[in-house]
Amino acid sequence: DAKTTQPTSMDCAEGRAANLPCNHSTISGNEYVYWYRQIHSQGPQYIIHGLKNNETNEMASLIITEDRKSSTLILPHATLRDTAVYYCIVRIRFVIMNSGNTPLVFGKGTRLSVIA
Amino acid sequence: GAGVSQSPSNKVTEKGKDVELRCDPISGHTALYWYRQSLGQGLEFLIYFQGNSAPDKSGLPSDRFSAERTGGSVSTLTIQRTQQEDSAVYLCASRRDSANEKLFFGSGTQLSVL
C-alpha cells in the first residue's frame, strides 16, 4: 500500500470546518483513498473513500487533487464529538478480485481536537 | 447483531497464562480481521479470514498467537504463554463481502499482562 503522510495533530473551533490533509504522492492508479476515525476507547469508524472524484456523504467530504497525490477530508461543521484520531489510508479497492487479502494498513493518523 | 461484538471488554492476566479473545462479527459478514493497538500507537494487522479460504496469518507476531473462525462466523484469538509486551487493545473488524468497502470495528478487548 502507498505510504501516507498526515500531520500529527490539529485543532479546530467548534462549528467551524475541519480540513484534514493527507499526502500520498506514490499512490498508483488503482488505489483508493480511505478515511477512518477513532474516537477514544472505541474501534475505528469508516468515514468515506474515493478514487479521483470528490466525494460527499452525511459525515464528510473528500477532496482529491487532480494528480491524486494528496487529499483533504472536510468536516463541514465540527462538533466536540468529532474529536478523534483520523486515519488516511491508501490501498487497492477491496472489490477487485483477490485484493481483499491485503488488509487496511493504519498509520499514526491526525489527532483532531475540536475546541469549544 | 447490530454491530461487531467483542468479549471480554477487559482482560487482566498473569505473564505465562493463555488467553482467548472472542469476536462476533456482524451477521452475514464474510470477512473478518484482527488488529491490535498498543498504547499511543496505530493499528497493527494480525490475521484475516475471508469465507472458506485459508486465513492470511502474515501479521501474527509469533507462534504464540493463533486464531480460528468457526462456521464462518465467530472468531477466537488465542495468545499462549502471554508476555507483558502482548498488552494492547485487540480489535476485530468485519466486512460484508467482496462488493463492499467498509470495515466495521468492534470496541476491542483491552488486554493487560501483569
Legend entry - Options B:Arg36, B:Arg81, B:Arg22: the member that is closer than 27 Å to A:His49 by Cβ and of a type in the set (Lys, Arg): B:Arg36
Inset, instruction - Taking the residues in region B:1-34 that are part of a loop (DSSP other than H, G, I, E, B) and buried (at least 16 other Cβ atoms within 10 Å of the Cβ) as candidates, determine which candidate is modelled with the lowest pLDDT. - result: B:Thr30
Inset, instruction - Report those strands (runs of 3 or more DSSP E) wholly inside region B:35-114 carrying at least 3 residues which are surrounded by 18 or more Cβ atoms within 10 Å (Cβ to Cβ) and at the interface with chain A (Cβ under 9 Å from one of its Cβ atoms). - result: B:43-50, B:88-95
Legend entry - Of all residues in region A:1-58 being touching a residue at least 24 places away in the same chain (Cβ under 8 Å) and among the acidic types (Asp, Glu), the one that is farthest from A:Ile92 (Cα to Cα): A:Glu14
Inset, instruction - Restrict the check to region A:30-44 and report whether at least one residue is at pLDDT below 95 and over 24 Å from B:Phe105 (Cα atoms). - result: yes
Inset, instruction - Identify, from the list B:Gly59, B:Gly16, B:Gly3, B:Gly42, the residue that is in contact with a Leu (Cβ under 7 Å, 6 or more places away or on another chain) and small (Gly, Ala, Ser). - result: B:Gly59
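The values are calculated or read from the model by the stated rules, or taken from the named source; none is laboratory data. The structure presented is a predicted model; accordingly, all values stated were derived computationally and were not measured. Positions of Cβ are generated from backbone atoms using ideal geometry, with glycine treated the same way; all protein chains shown enter the neighbour counts.
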